[in-house]
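Read the structure below first, then the notes.
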Amino acid sequence: MEAKEKKGFLLMIYIFSIIIMLFGITFSYFTARTRSKNNALDVKSGRLSLGLEVASKYTGYSLIPLNDSDVMKAYHNKCLDDNGMGACSAYDIIVTNDSARQDVVGSINFDIEHISNLSYLVLDEEENVYQNITKIEKSTNNMPLGSNFILESALETGIPTKKKFILIIWLSNFDYNQAEDRGGNFTASISYNSIYGQKLSSTVSGTEKGDN
């Protein structure tokens, strides 16, 4: 009788051990799956990467008022007018993707002091208009740099994909004395955002000629 009770007790311990072992295996399996998914997401997020380069193209001039219709003429003359005066400021913008395919959009913030007639436009790398002439009368945020664009994946080729733009900023001329603009200045913060949350920014600045 005692032997039977001992066998029964050992059988219960064995069954209980099997249950514990199965539970542990199941728990470990789901934990491993969860960790695998999280790691995969971490790796994917880590591989998403944008680069932003903003370089002065034609800058360093104090601006004088310029007719909007003459902005491309001034740009092709390295942002100088016929008298060699500063007519605009131009910047090269390069957005680079060395990871997965990304949907990107740009914006620009202006901080302006004593300038009321600032304007800008954006060209693509072939000098087609990407963002039409846009007026900036005062400090403002989230102004457009053009529509969303796609940067294709660079993972298969190993070669970064790029999008190039040209930003031109000038002081629009009007048929009245613009003395209130003399000696003014501006700062512009250029930003590009990916739908995955990447955000990059760069800042440019300029002045209006104080003695014209």
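The values are calculated or read from the model by the stated rules, or taken from the named source; none is laboratory data. This is a predicted model, so every value here is computed, not measured. No Cβ is skipped: glycine too gets one built from the backbone with ideal geometry, and neighbour counts run over all protein chains shown. Keep in mind that these areas ignore ligands, DNA and RNA; they rest on the heavy atoms of the full protein, side chains included. Shrake-Rupley method; radii C 1.70, N 1.55, O 1.52, S 1.80 Å.
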Over the heavy atoms of HIS76, what accessible area does a 1.4 Å probe trace out, to the nearest 10 Å²? 120 Å²
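Near PHE149, within a Cβ-to-Cβ distance under 9 Å, what is the net charge of the other residues, with Lys and Arg +1 and Asp and Glu -1?
Values: positive: LYS163; negative: ASP103.
With Lys, Arg at +1 and Asp, Glu at -1, the net is 0.
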Just read off the accessible area of PHE110 with the full protein assembly in place, 1.4 Å probe, to the nearest 10 Å². 10 Å²
Can you sort GLU53, GLU137 by solvent-accessible area, 1.4 Å probe, largest first? GLU137, GLU53
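Tell me, what % of the accessible area of region 83-183 is carbon and sulfur with a 1.4 angstrom probe? Can you show the working numbers first?
Values: 2160 of 4960 Å².
Exposed carbon and sulfur together represent 43 percent of the surface.
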Between ILE159 and SER56, what FRET efficiency follows from the Cβ-Cβ distance if R0 is 22 Å, with the result rounded to 0.05? 0.25
For THR140 paired with THR187, estimate the spin-label separation in nm (one decimal), with each label point 7 Å from Cα along the Cα-to-Cβ line. 2.0 nm
With a 1.4 Å probe and all protein chains kept in place, how much accessible area does THR203 have, in Å² rounded to the nearest 10? 90 Å²
